[in-house]
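Down below is the structure, laid out as structure tokens.
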Amino acid sequence: MITAMRAVCPGSFDPITLGHVDVVRRAAAMFDEVVVAVAVNPNKEGLFTVDERRELIAGAVGDLGNVSTAAFSGLLVDWCAEQGIGVIVKGLRSDSDYAYELPMAQMNRHLTGVDTVFLTADPAHTFVSSSLVKEVARGGGDVSAFLTSEVLEALRARLG
Ligand code: PNS
């Protein structure tokens, strides 16, 4: 039996950066379907709402026919099981990313058997994160190299 391989790229995406875009594009070339899933965290207010983040993601990777967006709360593995998703895709920028991601990947596999595939970040993006981009933008620094033009515009508008 041939079944479509669905994968998820989960994260906060507050907002999506070109580092995320690179990982999603590469995942979309490997799997039949990729869902970019925004984690809803009721304890952490983001700069953008979950719906805004999904819109920005759709603007950045919407040209890929096999990519969609979603939001999830609770355990990622439970949501994956509901959605018939068998693979989690994450980008790795550094050994500290690996140290953070490895126990989560192992825990997720322990819980439901879902596997995590790590894609090494493009060297151009190893120092890029949503939080650093926001911090630099708040201070008036130029972050145009790390965001799509739509995300850059949204960030500038939000920060005033
Ligand atoms: O972009 P982030 O903030 O690094 O993404 C981390 C995220 C949201 C993917 C991760 O924290 C997660 O999967 N959260 C969902 C809750 C969950 O399943 N926690 C147990 C992990 S073993």
>> Looking only at the stretch 130-160, filter to residues that are open to solvent by 30 Å² or more (accessible area, probe 1.4 Å) and under 15 Å from the mean Cα position of the chain (by Cα); which one of those is nearest to residue 13 (Cα to Cα)?
In response: 131
> So which residues in the stretch 8-66 are part of a loop (DSSP other than H, G, I, E, B), modelled with pLDDT of 95 or more and within 14 Å of the ligand (Cβ to nearest atom)?
Replying inline: 12, 13, 14, 15, 16, 17, 40, 46, 47, 48
>> Every residue in the stretch 106-117 that is open to solvent by less than 60 Å² (accessible area, probe 1.4 Å) and either near the ligand (Cβ under 10 Å from one of its atoms) or under 18 Å from residue 11 (Cα atoms) (or both), please.
In response: 108, 114, 116, 117
> Of 84, 19, which residue is on the phi > 0 side of the Ramachandran plot and of a type in the set (Gly, Ala, Ser)?
Replying inline: 84
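Residue by residue, here is whether (1) surrounded by fewer than 13 Cβ atoms within 10 Å (Cβ to Cβ); (2) more than 12 Å from residue 35 (Cα to Cα); (3) in contact with a strand residue (DSSP E or B) (Cβ under 6 Å, 6 or more places away or on another chain) holds:
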| site | (1), (2), (3) |
| --- | --- |
| 50 | no, yes, yes |
| 64 | no, no, no |
| 75 | no, yes, no |
| 86 | no, no, no |
| 95 | yes, yes, no |
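The values are calculated or read from the model by the stated rules, or taken from the named source; none is laboratory data. Small disclaimer: the values here were computed from a predicted structure and weren't measured. Neighbour counts run over all protein chains shown; Cβ positions are idealised from the backbone, glycine included. For the accessible areas, the whole protein counts, side chains as well, though only heavy atoms, and no ligand, DNA or RNA atoms are used. Shrake-Rupley method; radii C 1.70, N 1.55, O 1.52, S 1.80 Å.
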